[in-house]
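Below: one structure, written as structure tokens.
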Amino acid sequence: MEVIQLKEVSKEYNKATILEHVNLLVEQGDIIGIIGQSGSGKTTLLNLIAGFVAPSSGEVVYFSKIDRQPKNLNQNFSKIKKHLGFTPQRSSFYPKLSIKENLIHFGQLYGLERSMILENAKNLLQFTGLYEHRDKLAEQLSGGMQRRLDISCSLVHKPKILFLDEPMADLDPIMQEGIIQLIQEVNKQGVTVIIASHHLESVERLCSQIVVVRNRTIKNYAEVDELRKPFLKDNLVINIKAGKEKDLLITALRQLPISKIVDQGHQLVVYPEDTEGTVLGLLKIVKKEDLSFQNMDLRKPSLNEIFPFVAGNKL
Amino acid sequence: MNTLWLLTKKNLQLLLRAKSSALIVVFAPLLTILILGLSFNNSAKYGINIGVYAPVFSPDVEAFVSTLQEGEFKIVKYEANIEECIEDLKQGFVHSCISLPESLSVESNRPKEITFYVDPSRVNLVWMVEETVKNKFNLKSQQLSEELAQDMLSRLQQTKTGLAEEKATVASAKDKSSTAAGSTNAIKSGLSSVDVAPPTTTYDLTALTTFKENLAGRLTEGKSKISAARGALSDSNVSSTAKTKISSFLTQAEAELIAAEESFANNTGEGSFAAVSTLVESLNTDLTSAKAKLAAAGEKVASAGTGLDGVQTSLQETLKLLESAQNNANSMLSTLEAQKVTDATVLSSPLITKVERVAAGKTYLNYLFSGLLVLVIMFSSLLLGTTLVMMEKNSPAFLRNFFVPIQKVTFILSTYLTTLVLIVVQLAIILGIALIFLPQSYVALPLSGLILFFAASVFTFIGMLIGYVFVSEETGVLASISAGSMMLFVSGLILPLESMSASLRNVIAFNPFVIAERLIREVVIFDASIKVLWQDLLILFGYAAVLFLLILIVESVLHDRLKDRILHRHQKQP
């Protein structure tokens, strides 16, 4: 069930085209990741979808949950924005208010009943692990807690769509993990999540759909696996000991249908043209030539690896 | 040195590329100087209205009024009463009232009193008006003093001339008196030389007896003769009548002779006739002597008479001279008596100036209170307005606020209301403290509150407008302070508006600070009612309404730019 659609949307800033002829359909319950090189226009795309900026041409359409009628997002923004939650890259709350005060304040701005706000806030605080710190001033929180508070502020009114701009920026791996879990939990509650991020690992883990912005337009909009296919196939990572055996193994591998071998010292990364045939062939040679290796791992290419191909100019 | 220059160049580049900073740094001082320059670039004319009241505008009063008019002031005449002028003074239509007497000429020992009515609440203007108008009056007083002194000197000169003329007369009288005195001395001397001593001769009375005897003999002889005559008569041919008559006479003569004979006969004195003769001679000698003396005395008397004639003439002339001198003295006395002003104080200061303050009994705090109050409100409102807008604009939560279902106007009004709440708190503190010093002001509190509400609204909206226009908080605050300072500079609180050029003064009269300060002053000091103030209140309300609309427009126009900037900041800042 679609919630937002971009139709031939273009955006210009100071006579410079940032995005042109963008078409995109956001389905309810999706977690969509917008990736692209710096300056590619991914944040602009996020802002367009969120209605924060109006398109120079084209139309952003919002589908009402009640009547399912498409409505121009920008023209009806005052009515629609209560269904949206936006968490920008930087903190977007009042540092001099406590966690609880921030949540109540924004909840009240959305016109919710105080009891409902308190209930939502309590749930959110428990959900985000901020409950114990609810009376602390926001400025006193760590980076991860601030990010969680930010997301909580965006969720206090129970939006249908949550927009996150670089949610992993400046966070350490543990904090990132916490945020990933938080987003996944939010999504499980039926909230559509749209993320613009450079942090491809988290995008890869979180997002069901990836939007690749390149050359001022959406180059790809697909699932991650779908995205991988045209660029890099699965690869084998073989951990070995350096020495004579490695050279023998490389010689043996060259007899198989592989496109490339990358020697990384203790690891050989093999890109087979036929994964199954290559694995079976390799095992036969090892047995025949009495070679050995520590272990072998069949691995799919990460988003990080295919990023230069999908978002950059590498082909 | 190179590094220093490099860093300085970089700083200048950064400063000039930040548009608002450049605007403030470069243009604000220029604008300030330009406005102040235009405001105070005059020296000849004051924009001061002086109300003049006089029971009668006599020619000399008119002449003086013209002098004021020709100078720096615009004159408004009040012919009914001074109270009318004082009312206008309270309402600021005139800056000072002058109560003049019917005439400025001083004709007695009472100096003419001129009363100035000034509004002491306009502290900086009072002194200027007092000084300037007093200078005019001092000049007039000096002129009158000179005229009086000149008049007195003329009279003295006249007296001096009269006395100089009389000096000759008196000298002449003196000469004549001296001559008369000389003549009198001469007469006295002449008369003293007249011998009026009686003859001391002792006369011998025997001579008389002798004379008597001799005379008796002769008388006897006479009798003989008479007998002889009688005989002759009887022999004569004369008529009996004649004979009788002659005989009668002869008988009488004989009788007389007999009588004389008897007299002589009885005379027992020794002198007899000879003695008598001697006596007579002696008497004759005495008589001769006396005659001589009398002749000499007669000469002296004649001479004295001549001298006395001269003295009389001199005295008569002296009398005439003295009469003339007396007349002249009377004339001079009249001249001097005609000088009515004889008091040295009045001569030196014929005009007394008295200053009456139309808000009597008030303290300096009263006078300054309105200005201070509006000053505090202005800067507080401006800075709070700017700061709150800046705080909201620069707040991390600004972006989130974009997504809350709240209208822009609500955010604007919330900023306004926040400022207003803070201002009310400030006002409560200020007015609370002020009431300790100005307990009588509590009556004016409701109206003052209303005025301050309008004023605070205007200044808050100005501050908010600045907040929306400027990008950084620093430049915004600086712009607010500049705007406040500008309004303060051209408010009349520091320098009187009346010292500015007329054209700018007309514009500056609409300075909200000026309007608010005037309203508060009129309420606090003169207990003005809303009926008098409603027009100015309406102007303040108009300002607030226009500024609010302007804020809505500016906010709408700048909103997209602000969004871009906020987005940019959110994305680029580490």
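The values are calculated or read from the model by the stated rules, or taken from the named source; none is laboratory data. Quick caveat, the model's predicted, so the values are computed rather than measured. All Cβ positions, even for glycine, are placed from backbone atoms using ideal geometry, and neighbour counts span all protein chains on display.
Could you identify the single residue in A:SER91, A:SER115, A:SER78 that is within 11 Å of chain B (Cβ to nearest Cβ) and either farther than 20 Å from A:MET145 by Cα or free of Cβ contacts under 8 Å to residues at least 40 places away in the same chain (or both)?
Numbers: A:SER91 fails: either farther than 20 Å from A:MET145 by Cα or free of Cβ contacts under 8 Å to residues at least 40 places away in the same chain (or both); A:SER115 fails: within 11 Å of chain B (Cβ to nearest Cβ).
Sole residue among the options that is within 11 Å of chain B (Cβ to nearest Cβ) and either farther than 20 Å from A:MET145 by Cα or free of Cβ contacts under 8 Å to residues at least 40 places away in the same chain (or both): A:SER78.
Just to be sure I understand, how many residues within segment A:62-73 are away from chain B (no Cβ under 14 Å) and either hydrophobic (A, V, I, L, M, F, W, C) or touching a helix residue (DSSP H, G or I) at 6+ places or on another chain (Cβ under 6 Å) (or both)?
Number satisfying all stated conditions: 2.
Of the residues A:GLU12, A:GLU20, A:GLU8, A:GLU59, only one is within 14 Å of chain B (Cβ to nearest Cβ) and outside any loop (DSSP other than H, G, I, E, B); which?
A:GLU12
Would you check if there is a residue in segment A:190-202 being more than 12 Å from the chain's Cα centre (by Cα), hydrophobic (A, V, I, L, M, F, W, C) and more than 23 Å from A:VAL53 (Cα to Cα)?
no
Against the definition (of a type in the set (Gly, Ala, Ser) and within 30 Å of A:VAL191 (Cα to Cα)), how does A:SER259 come out, yes or no?
When the stated conditions are applied, A:SER259 does not pass them.
Determine which member of the set B:VAL389, B:VAL409 is in a helix (DSSP H, G or I), modelled with pLDDT of 85 or more, within 14 Å of another protein chain (Cβ to nearest Cβ) and more than 54 Å from the chain's Cα centre (by Cα).
Exactly one residue qualifies, and that residue is B:VAL409.
Can you confirm whether segment B:444-454 contains a residue that is within 26 Å of B:LEU547 (Cβ to Cβ), of a type in the set (Val, Ile, Thr) and within 14 Å of chain A (Cβ to nearest Cβ)?
no
Considering only segment A:98-110, I want to know if a residue exists there that is among the aromatic types (Phe, Trp, Tyr), within 13 Å of chain B (Cβ to nearest Cβ) and either assigned to a helix (DSSP H, G or I) or free of Cβ contacts under 8 Å to residues at least 40 places away in the same chain (or both).
Checked against the condition, which is being among the aromatic types (Phe, Trp, Tyr), within 13 Å of chain B (Cβ to nearest Cβ) and either assigned to a helix (DSSP H, G or I) or free of Cβ contacts under 8 Å to residues at least 40 places away in the same chain (or both), segment A:98-110 yields at least one hit.
In segment A:1-54, which residues are charged (D, E, K, R) and surrounded by fewer than 22 Cβ atoms within 10 Å (Cβ to Cβ)?
Once the filter is applied, which keeps residues that are charged (D, E, K, R) and surrounded by fewer than 22 Cβ atoms within 10 Å (Cβ to Cβ), segment A:1-54 yields A:GLU2, A:LYS7, A:GLU8, A:GLU12, A:LYS15, A:GLU20, A:GLU27, A:ASP30.
Considering only residues that are within 9 Å of another protein chain (Cβ to nearest Cβ) and hydrophobic (A, V, I, L, M, F, W, C), look in segment A:30-56 and name the one that is nearest to A:GLU2 (Cα to Cα).
Within segment A:30-56, the match that is nearest to A:GLU2 (Cα to Cα) is A:ALA50.
Does A:HIS133 qualify as being within 13 Å of chain B (Cβ to nearest Cβ) and out of contact with any Asp or Glu (no Cβ under 7 Å at 6 or more places or on another chain)?
When the stated conditions are applied, A:HIS133 does not pass them.
Would you tally the residues in segment A:249-276 being touching a Leu at 6+ places or on another chain (Cβ under 8 Å), surrounded by fewer than 16 Cβ atoms within 10 Å (Cβ to Cβ) and under 12 Å from A:LEU236 (Cα atoms)?
2
Could you please find all residues in segment B:337-359 being closer than 30 Å to B:VAL524 by Cβ and either of a type outside the set (Lys, Arg) or buried (at least 19 other Cβ atoms within 10 Å of the Cβ) (or both)?
Listed by number, the residues that qualify are B:THR353, B:VAL355, B:GLU356, B:VAL358, B:ALA359.
Rundown of residues vs (1) at pLDDT below 90; (2) touching a Leu at 6+ places or on another chain (Cβ under 7 Å), yes/no style:
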{"residue": "A:LEU25", "(1), (2)": "no, no"}
{"residue": "A:ILE32", "(1), (2)": "no, no"}
{"residue": "A:GLN37", "(1), (2)": "yes, no"}
{"residue": "A:GLY41", "(1), (2)": "yes, yes"}
{"residue": "A:GLY51", "(1), (2)": "yes, yes"}
{"residue": "A:TYR62", "(1), (2)": "no, yes"}
{"residue": "A:LYS65", "(1), (2)": "yes, no"}
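Yes or no: segment A:290-309 includes at least one residue that is within 30 Å of A:THR217 (Cβ to Cβ) and acidic (Asp, Glu).
yes
Looking at B:PHE461, B:PHE470, B:PHE526, B:PHE510 in this structure, which one is more than 14 Å from every other protein chain (Cβ to nearest Cβ) and at pLDDT 90 or above?
Every option except B:PHE461 fails the conditions.
Residue check: is A:ILE117 modelled with pLDDT under 90 and within 25 Å of the chain's Cα centre (by Cα)?
Considered against the rule, which asks whether it is modelled with pLDDT under 90 and within 25 Å of the chain's Cα centre (by Cα), A:ILE117 comes out as no.
Working only within segment B:198-242, note down all residues that are modelled with pLDDT under 70, hydrophobic (A, V, I, L, M, F, W, C) and not in a helix (DSSP H, G or I).
Of everything in segment B:198-242, just one residue is modelled with pLDDT under 70, hydrophobic (A, V, I, L, M, F, W, C) and not in a helix (DSSP H, G or I), namely B:LEU205.
When only residues in segment B:529-540 that are of a type in the set (Val, Ile, Thr) and more than 40 Å from the chain's Cα centre (by Cα) count, which is modelled with the highest pLDDT?
B:ILE539
Among the strands (runs of 3 or more DSSP E) contained in segment A:126-228, which hold 3 or more residues that are closer than 20 Å to A:SER92 by Cβ?
Details: elements: A:161-165, A:192-196, A:209-214, A:217-222.
Here the list reads A:161-165, A:192-196.
Name the helices (runs of 4 or more DSSP H) wholly within segment B:1-116 that hold at least 1 residues that are touching a strand residue (DSSP E or B) at 6+ places or on another chain (Cβ under 9 Å), at pLDDT 80 or above and surrounded by fewer than 19 Cβ atoms within 10 Å (Cβ to Cβ)?
B:59-70, B:82-90
Within segment A:102-124, identify whether any single residue is surrounded by 20 or more Cβ atoms within 10 Å (Cβ to Cβ) and among the small types (Gly, Ala, Ser), and answer yes or no.
yes
Among the numbered criteria (1) out of contact with any strand residue (DSSP E or B) (no Cβ under 6 Å at 6 or more places or on another chain); (2) closer than 25 Å to A:ILE35 by Cβ; (3) within 14 Å of chain B (Cβ to nearest Cβ); (4) aliphatic (A, V, I, L, M), which one does A:LEU155 miss?
Going through the list (1) out of contact with any strand residue (DSSP E or B) (no Cβ under 6 Å at 6 or more places or on another chain); (2) closer than 25 Å to A:ILE35 by Cβ; (3) within 14 Å of chain B (Cβ to nearest Cβ); (4) aliphatic (A, V, I, L, M), A:LEU155 breaks only (1).
Check A:VAL269 against each of (1) part of a helix (DSSP H, G or I); (2) modelled with pLDDT of 80 or more and name the one condition it does not meet.
Single failed check for A:VAL269: (1).
How many of the residues making up segment A:134-181 are over 13 Å from the mean Cα position of the chain (by Cα) and among the hydrophobic types (A, V, I, L, M, F, W, C)?
Matching residues across segment A:134-181 total 13.
Take A:GLY85 and tell me if it is away from every other protein chain (no Cβ under 13 Å) and either buried (at least 24 other Cβ atoms within 10 Å of the Cβ) or farther than 14 Å from A:ARG216 by Cβ (or both). Let's see the steps before the verdict.
On the way: away from every other protein chain (no Cβ under 13 Å): no; either buried (at least 24 other Cβ atoms within 10 Å of the Cβ) or farther than 14 Å from A:ARG216 by Cβ (or both): yes.
The answer is no for A:GLY85.
If the requirement is being more than 27 Å from B:LYS74 (Cβ to Cβ), out of contact with any Pro (no Cβ under 7 Å at 6 or more places or on another chain), surrounded by fewer than 24 Cβ atoms within 10 Å (Cβ to Cβ) and touching a residue at least 40 places away in the same chain (Cβ under 8 Å), which of these qualifies: B:VAL532, B:VAL471?
Criteria check complete, one pass: B:VAL471.
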